[in-house]
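Shown next, in structure tokens, is the structure this report addresses.
Taken together, the values in this text are just the output of simple stated rules run on the coordinates, not laboratory data. Predicted model, so just to flag it, every value in this text is computed and none were measured. Neighbour counts run over all protein chains shown; Cβ positions are idealised from the backbone, glycine included.
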Amino acid sequence: MNAVARVPTVQVRREIAAPAAELFDAFLDPDKLSVWMRPGDTSRTDARVDPRVGGAFEIVMHTPKGSVPHTGAYQEITRPRRLVFTWNSPYAGNHGSLVTVDFNPKGNSTEVVITHERLPSEEMATAHTGGWTSILERIAGIFAEVRAAG
Amino acid sequence: MDRVLGAIADPTRRAILARLAESDARVTELASAFPISLNSVSKHVRKLEAAGLVRRDVRGRDHVLSLNAAPLSEAADWIAHYQRFWEESLAALDEFTTGKKPNRRSRK
């Protein structure tokens, strides 16, 4: 049940045969993080974590093309249901994006839902609630129109 | 990319882009299609130009505007990058917690 009316920008979900608390902890424990968070051609990950609201993290992913630092701060830590943190990386333009991770228990499994929203700085300056949330979806819509027209 | 996001955050500018996706247009043609002044339309067009989304081609006295979708694809690239990033991360988290090689299937 996803009753929250949000507009996703990037949303990925996966059902994993493990308890929510175990998965939740894997996001906040630097030793665990450095083992599993190796997307793509990442050969090694270093993680430093200050797991409290307002606390910062730094996750450095080492790839053949160089080291990619990811930094951010925790905005919400509701064990074992929801984790919200800001996310900065050279790829993201080194300013705000926001990641929400929801852990939904499903029998013996847990559905993990990651929602990653880009926060345009121009919008953030004047943001009121939800003002920016649909922007990326609009891009996608316009992009689709453009392609359809082309 | 911020300029792109700022440029398309406004409904009138999105409508202008949608109009230019159909065909090139003069500023005056655009103005007649929207219930706002020529001056307002010009301001919006300048923002779209600054974001690289609209090109202006001066042909004699006419200024013909055309759409340049390339900056939008940068935004689309961002989406594609992180879609893959998190799918791969969740697959790895699955493998880490369940101790078995998960299949690569992930639902959207």
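For the stretch B:8-71, give me every one of the helices (runs of 4 or more DSSP H) that falls completely inside it and has 2 or more residues that are touching a Leu at 6+ places or on another chain (Cβ under 6 Å) and on the phi < 0 side of the Ramachandran plot.
Qualifying helices (runs of 4 or more DSSP H): B:11-22.
For the stretch A:56-71, what are the residues that are among the small types (Gly, Ala, Ser) and more than 16 Å from the chain's Cα centre (by Cα)?
Listed by number, the residues that qualify are A:Gly66, A:Ser67.
I need the full set of residues from the stretch A:18-73 which are surrounded by 14 or more Cβ atoms within 10 Å (Cβ to Cβ) and among the polar types (S, T, N, Q), in order please.
Hits for the stretch A:18-73 are A:Ser34, A:Thr42, A:Thr45, A:Thr63, A:Thr71.
For the subset of the stretch A:12-59 comprising residues that are facing chain B (nearest Cβ under 7 Å) and assigned to a strand (DSSP E or B), which member is nearest to A:Asn108 (Cα to Cα)?
Here the answer is A:Ile16.
Which of the residues spanning the stretch A:68-91 are farther than 20 Å from A:Val113 by Cβ and within 14 Å of chain B (Cβ to nearest Cβ)? Break it down stepwise before answering.
Of the stretch A:68-91, the ones farther than 20 Å from A:Val113 by Cβ are A:68-69, A:71, A:73, A:88-91.
Once the filter is applied, which keeps residues that are farther than 20 Å from A:Val113 by Cβ and within 14 Å of chain B (Cβ to nearest Cβ), the stretch A:68-91 yields A:Val68, A:Asn88, A:Ser89, A:Pro90, A:Tyr91.
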